Amino acid sequence: MAEDRIIISRCGTFLVPRSGKKTEAHFKTLLNFHNGIAAAEDETGWYHVDKQLNTIYLERYQRAFGFYFDRAAVTDFSENCYHIGIDGKRIYSANYAWCGNFQEHFCTVRDFDSNYFHIDLQGNRIYTENYFYAGDFKENYACVKTAKGWKHIDNKGNNLNDKFFLDLGVFHKNIATAKDEGGWFHINRVGEELYNQRYTMVEPFYNGFALVEKNTEKFILDENGSEIVKVF
């Protein structure tokens, strides 16, 4: 991909062309490019630039982030958060205390009463419930925190399996990390544990194996719960 050849300097303030010479354009901060557009900061504030480092709109913000699904989260100088399109115009009229990035067509936001929920690409809420926290969607499900604990919901706000945990991770290849009173482990989409033992730390499975920690020792675990390799 062409974007893979866009190299940002180690200090994150300018582009490094193939010639190795520093570009004339210099920023206080230059973030990674997403679909040929990057968030940049100079003395006027935050905004977005294209691959030629041209500003794509005139507005300036207190903070700006990358474009996902042609929408970028910004914070204006009144500390209101919302999403803008590539043309620089607001996608919706609502203001939030914080906005995430759109993932799988949906985005998590926090209102000014500290409630978390998800909105769609047009800025509409996709369910009526409020949560203490709501994470990004991955593989069609998101983790949310309720008074009863953590659970998975689908993109209509429905419970996945009616099971609650002390902590929870998103699904990766149909397996998620979860925590109960005994510690961390892995579950399937039904909410069933893949094995009996518990760990102080578990990572998602990577091509069938996961790094886990128990009593300060680390192991490579397979999907059946067997500790295949001890990591020294």
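What follows draws every value from the coordinates through simple rules; no lab data is involved. Please read these numbers as outputs of a predicted model, since none were measured by experiment. Ideal geometry is used to build each Cβ from the backbone, glycine not excepted, and the neighbour counts take in all protein chains shown.
How would you rank 114, 78, going from fewest to most other Cβ atoms within 10 Å of each one's own Cβ?
On the way: 114 11, 78 7.
Going from sparsest to densest Cβ surroundings: 78, 114.
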Query raised in the report: In what order do 230, 179 fall by count of nearby beta-carbon atoms within 10 Å, going from fewest to most?
Result: 230, 179
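Can you give the FRET efficiency to the nearest 0.05 for residue 216 and residue 133, using r as the Cβ-Cβ distance and R₀ = 22 Å? Write down the numbers at each step before the final one.
Working: r = 29 Å, r/R0 = 1.31.
Calculated transfer efficiency: 0.15.
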Query - Pairs beyond 19 Å (Cα-Cα), from 151/218; 145/179; 148/218; 179/214 - result: 151/218; 148/218
**Report entry** For the chain, built as a Gaussian network whose Cα springs stay under 10 Å, the top-fluctuating residue of 211, 31, 58
**Finding:** 58
Query raised in the report: According to the square roots a ≥ b ≥ c of the eigenvalues of the Cα gyration tensor, what is the shape class of the chain, taking rounded for a/c under 1.5, prolate for a/b larger than b/c otherwise, and oblate for the remainder?
Result: oblate
Requested in this report: For residue 28 and residue 120, calculate 0.36 nm times their separation in residues minus their Cα-Cα distance, and state this gained length in nm to one decimal.
Outcome: 29.9 nm
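Only counting other Cβ atoms within 10 Å, I'd like 98, 150 sorted with the fewest neighbours first. Numbers along the way, then the final one.
Values: 98 14, 150 21.
Ascending Cβ contact count within 10 Å gives the list 98, 150.
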Query - Separation of alpha-carbon centers, region 172-229 and region 25-79, rounded to whole Å - result: 39
Query raised in the report: Cα to Cα, under 23 Å, and not fewer than 8 places away if on the same chain: which lysines meet these conditions relative to residue 28?
Result: 51
Query raised in the report: Stretch residue 89-residue 158 to full length: gain in nm at 0.36 nm per residue minus the Cα-Cα span?
Result: 21.6 nm
